[in-house]
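Here is the structure we will look at.
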Protein chains: 2
Amino acid sequence: MEQKEYLQIPGPTNVPERILKAMHRPLVNHRGPEFRELLKFCVEHLKQLLCTENELFIFPSSGSGAIESTIVNFFSAGDAIVHCANGVFGERAGTIAKAYGLNPLPISKKWGEAVQPEDLKVILDNDPEGYIKAVYVPHCETSTGIQQPIEALARVHRECKHPSLFIVDAVSSMAMIPLEQDKWGIDVVISGSQKGLMLPPGLSLVSINAKARAQEEKSNLPKWYWNYGAMRKALEEWSLPFTPPTSLIFGLRESLIMLEEEGIENVYARHEKLANLTRSACESMGLELFVKSDDYSRTITSLHLPENIQWPELSEICRKKYHLVLGGGLGQLKGKIFRIGHMGNLDEQDLYSILGRLEAALIDQGYPVKPGTSAASLIQKYD
Amino acid sequence: MEQKEYLQIPGPTNVPERILKAMHRPLVNHRGPEFRELLKFCVEHLKQLLCTENELFIFPSSGSGAIESTIVNFFSAGDAIVHCANGVFGERAGTIAKAYGLNPLPISKKWGEAVQPEDLKVILDNDPEGYIKAVYVPHCETSTGIQQPIEALARVHRECKHPSLFIVDAVSSMAMIPLEQDKWGIDVVISGSQKGLMLPPGLSLVSINAKARAQEEKSNLPKWYWNYGAMRKALEEWSLPFTPPTSLIFGLRESLIMLEEEGIENVYARHEKLANLTRSACESMGLELFVKSDDYSRTITSLHLPENIQWPELSEICRKKYHLVLGGGLGQLKGKIFRIGHMGNLDEQDLYSILGRLEAALIDQGYPVKPGTSAASLIQKYD
């Protein structure tokens with residue numbers, strides 16, 4: 001038989017059949033009326049999803065491309081930006097900034113700990129001259145499995161009345177964890193197609209407010225592909241400055257319809273529940289959570305590798321024998337943790353299979369757990 | 001019934017069902033063994049297609065992104081590059097170069113005329129100091145429907161022993177028109193997914209030789225997303241520096257298999273025949289070819305709009321009544337020409353339908369042609 005494989009990495013996530021079907025269709029003219037309608041629908045509904053009235057741009061690129069777009073459109077060489085340094089993706093904003101001659105200032109937290117409002121307050125209060133031009137925060141840092149308190153961080157940023165832009169990388173949170181751009185006062189939100197939107201990778205997006213737009217005027221970094229000015233002009237006629245990824249945009253429309261059918265509040269609640277069920281079941285198996293505070297990600301669970309279990313062997317047996325693909329540790333956490341993605345098109349019932357497969361693989365590796373433990377935990381927590 | 005629509009714009013082209021099916025599948029871990037095998041297969045077979053032993057990079061982006069990647073990796077502000085100025089896409093290389101502070105030097109030919117070897121010889125002979133750092137030529141310039149004599153241009157470039165890079169934009173020619181990178185001595189080839197490779201848009205590629213690689217060392221332009229150094233390092237382990245467009249890469253594998261099954265020489269011959277049949281049939285209908293010289297594109301046919309026929313009306317009737325989508329004129333040719341794409345997954349039989357629909361639409365618009373003229377031309381030329 002054809003084996004169903006569970007792709008439980010921290011994204012890309014499993015693409016629902018409805019979305020695959022929506023992309024399985026003839027292409028259309030990307031300068032014709034059908035595409036214009038499609039793009040308009042997607043941009044308007046993406047804005048609703050982010051709770052924003054702001055401009056929203058779509059790029060054919062990975063999510064990292066959208067991060068680069070914010071660097072080259074808002075800043076100039078020498079500009080200081082503050083970024084999180086508590087994981088791979090927070091550090092990436094600093095790496096891109098440095099590549100463009102900016103001055104990245106890391107907020108140095110331990111990997112596995114979230115940046116707190118008081119951390120940000122100290123930094124901004126110590127910068128009365130407004131030397132800092134932006135604060136970059138990934139909402140979920142998938143390399144460690146934390147979730148930063150964006151609403152509270154945005155509030156501090158607003159209350160400090162600091163002139164910098166507050167920029168949120170929502171690649172691993174959008175359409176999974178509540179995010180209200182305008183109400184929370186976030187200047188820029190970045191995201192991608194392959195996580196909460198349940199699409200294949202290849203499409204990124206950026207939503208920018210009036211303050212960010214004003215900042216654009218001051219940037220002198222060279223740009224063409226990422227140029228928001230050209231994007232803005234093309235979007236006036238519902239087109240892109242270059243050939244758009246039409247198939248993904250057909251998939252995006254289906255994704256937005258699916259999210260609206262379920263109701264975004266229900267989508268958020270489902271992700272919260274999946275995270276809590278996964279954490280409880282893993283603890284019941286005696287696994288140690290890497291993030292013990294309430295700043296745990298609602299989209300992935302990171303776990304210490306148990307003693308005497310090596311990631312290459314565990315990963316291989318999960319994949320080959322149990323058709324379960326998990327994420328390993330990245331950077332300084334390589335060989336120390338492993339990660340279970342529970343993002344997108346997934347429900348509580350899927351967890352029996354995912355955690356049952358993991359449990360079986362651990363038992364195969366000599367890990368001491370009574371068979372059925374994770375299922376028992378799930379059943380007891382089920383309501 | 002469900003209407004079949006003929007998407008005969010100059011790309012994106014119709015995606016064959018086999019490729020749609022190959023993309024209609026669960027995603028895989030982009031850091032796992034299955035994806036590494038897939039990427040390796042695609043890179044190796046793409047190199048065979050370009051007849052090159054060079055490095056080949058894949059980006060999640062439109063084709064224009066790959067052009068930008070060559071600008072930021074090979075050059076520095078102030079560097080002079082020569083580019084074609086005989087159409088929208090030739091001019092785009094100049095626009096991107098200018099955005100990065102380069103000094104773009106246009107070869108000013110009339111739109112509809114190809115750059116000739118003697119044009120290039122004069123330019124290079126007049127630059128004994130090697131002030132010019134690169135020559136950019138689109139193989140097919142789809143905005144006008146010409147095809148530049150790349151083999152002859154490359155020969156001149158080689159014989160002049162000029163230190164500049166010879167860079168070919170093969171977005172609208174790869175896998176449709178012969179192109180032998182190494183034998184012809186082309187330093188850099190750029191292409192995209194949505195034309196000869198018959199895929200949806202969203203993936204671009206660049207193949208660079210040792211001379212180009214040496215030039216990379218001299219570039220001081222800022223870059224991160226397009227950085228070949230990071231791409232090269234990631235490809236050593238058959239991964240990308242950011243999330244790759246996995247679905248498109250599954251489609252790409254199927255495309256490469258299909259091209260090999262048909263045999264690339266047969267694919268080239270098919271495109272040549274499609275172009276010739278289309279030109280003859282259009283002329284038999286009394287339409288005037290925009291490109292009368294032998295430098296006509298083998299992938300699209302551009303035609304003068306007949307007297308008293310307006311593009312918006314012709315386009316609308318083709319699309320709404322006959323389900324045929326054609327390309328209009330771009331830039332200075334807007335309202336003057338229209339364009340028929342005959343790229344990718346298309347055979348001689350399809351031309352009966354495409355040209356029959358066009359003929360019907362023209363007759364509806366009062367154009368004087370005897371019904372059946374294009375079909376008669378196709379039948380007479382059929383062998």
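The values are calculated or read from the model by the stated rules, or taken from the named source; none is laboratory data. Model, not experiment: these values are computed from the prediction. Reconstructed Cβ throughout: ideal geometry from the backbone, glycine too, with neighbour counts over all protein chains shown. SASA here: full protein model, heavy atoms, side chains in, ligands and nucleic acids out. Shrake-Rupley method; radii C 1.70, N 1.55, O 1.52, S 1.80 Å.
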Q. So what's the projected area for region B:152-255, the Cα convex hull averaged over all directions, in nm²?
A. 7.6 nm²
Q: Along each of the three principal axes of the Cα atoms of chain B, give the extent in whole Å, ordering the values from largest to smallest.
A: 62, 54, 35
Q: Specify the angular offset, from 0 to 90 degrees and rounded to the nearest 10, of the alpha carbon long axis of helix A:33-49 from the longest principal axis of the alpha carbons in chain A.
A: 70 degrees
Q | Kirkwood Rh, Cα atoms: Rg over Rh of the protein assembly as shown | A | 0.99
(Q) Net charge within 14 Å of A:Val122 by Cβ-Cβ distance, Lys/Arg positive one each and Asp/Glu negative one each, not counting A:Val122 itself? (A) -3
Q. Considering chain B as a Gaussian network with a 10 Å cut-off on Cα pairs, which listed residue, B:Ile264, B:Ile340, B:Ile300, attains the greatest mean-square fluctuation?
A. B:Ile264
Q. How many Å² of accessible area per residue for chain A, probe 1.4 Å?
A. 37 Å²
Q) Separation of region A:229-280 and region B:39-114 by C-alpha centroid, Å? A) 32 Å
Q. Can you list the residues of region B:68-84 that have at least 40 square angstrom less accessible area with all protein chains present than in their chain by itself, probe 1.4 Å?
A. B:Glu68
Q: Among DSSP beta bridges lying fully in chain B, give the percent that are antiparallel, nearest 5.
A: 50 percent
Q. Placing a label point 7 Å from Cα toward Cβ, how far apart in nm is B:Glu288 from its equivalents in the other copies, listed shortest first to one decimal?
A. 8.2
Q) Given the pairs A:Lys4/A:Lys320; A:Lys195/A:Lys381; A:Lys320/B:Lys21, which span a C-alpha to C-alpha distance of over 19 angstrom in this model? A) A:Lys195/A:Lys381; A:Lys320/B:Lys21
Q | Cβ-based net charge around A:Lys183, under 14 Å, with every Lys or Arg adding one and every Asp or Glu removing one | A | -2
Q) If you line up the long axis of helix B:264-284 against the longest principal axis of chain B, both from Cα atoms, how many degrees apart are they, to the nearest 10? A) 40 degrees
(Q) So the label point sits 7 Å from Cα along the Cα-to-Cβ vector; using that for B:Asn345, what distances do you get to the other copies, in nanometres, sorted shortest first? (A) 2.1
**Q.** Cα convex hull of region B:130-201 - mean projected area over all directions, nm²
**A.** 5.1 nm²
Q. Mind listing which GluC sites (Glu not before Pro) in region B:59-142 are in a DSSP loop and have 11 or fewer other Cβ atoms within 10 Å?
A. B:Glu129
Q.
If you filter region B:129-205 for chymotrypsin sites (Phe, Trp or Tyr not before Pro), then keep DSSP loop positions with at most 14 other Cβ within 10 Å, what is left?
A. B:Tyr131
Q: Assign unit charges at the C-beta atoms only (+1 for Lys and Arg, -1 for Asp and Glu), then state the dipole size of region A:316-376 relative to its Cα centre in Debye, rounded to the nearest 20.
A: 320 debye
Q.
Among the listed pairs A:Lys109/A:Lys133; B:Lys133/B:Lys336; A:Lys161/B:Lys223; A:Lys40/A:Lys211, which have their C-alpha atoms separated by more than 26 angstrom in this model?
A. B:Lys133/B:Lys336; A:Lys161/B:Lys223
Q) Accessible area of A:Asp125, 1.4 Å probe, to the nearest 10 Å²? A) 80 Å²
Q: Give, as a single signed number, the net charge of other residues whose beta carbon lies under 14 Å from the beta carbon of A:Ala85, with Lys and Arg counted +1 and Asp and Glu -1.
A: -1
**Q.** Pairwise FRET efficiency - B:Lys334 versus B:Ile309, Cβ, R0 = 22 Å, nearest 0.05
**A.** 0.90
Q) Given the options B:Phe338, B:Phe89, B:Phe35, which has the most mean-square fluctuation in a GNM of chain B, springs set between C-alpha atoms less than 10 angstrom apart? A) B:Phe35
**Q.** Tilt relative to chain A, helix A:246-262 - C-alpha long axis, 0 to 90 degrees, to 10
**A.** 70 degrees
Q: Select from region A:183-219 all residues whose loss of accessible area on going from the chain by itself to the full protein assembly reaches 50 Å² or more (probe 1.4 Å).
A: A:Pro201
Q: Provide the buried accessible surface between chains A and B in square angstrom, both chains summed, 1.4 Å probe, rounded to the nearest 100.
A: 3900 Å²
Q | Calculated label separations, B:Glu262, copies of the chain, 7 Å along the beta-carbon direction, nm | A | 4.0
**Q.** Per-residue [θ]222 nm for chain B (sum of -39500 (n - 2.57) over DSSP H runs n ≥ 4, rounded to 500)
**A.** -13000 deg cm²/dmol
Q: In nm, give the distance between the simple-model label positions of B:Asn126 and B:Val369, each being 7 Å from the Cα along the Cα-to-Cβ direction.
A: 4.2 nm
Q | List B:Lys109, B:Lys292, ordered by accessible area with a 1.4 Å probe, largest first | A | B:Lys292, B:Lys109
Q: Roll a 1.4 angstrom probe over the protein heavy atoms and tell me the percent of accessible area of region A:232-370 that is carbon or sulfur.
A: 47 percent
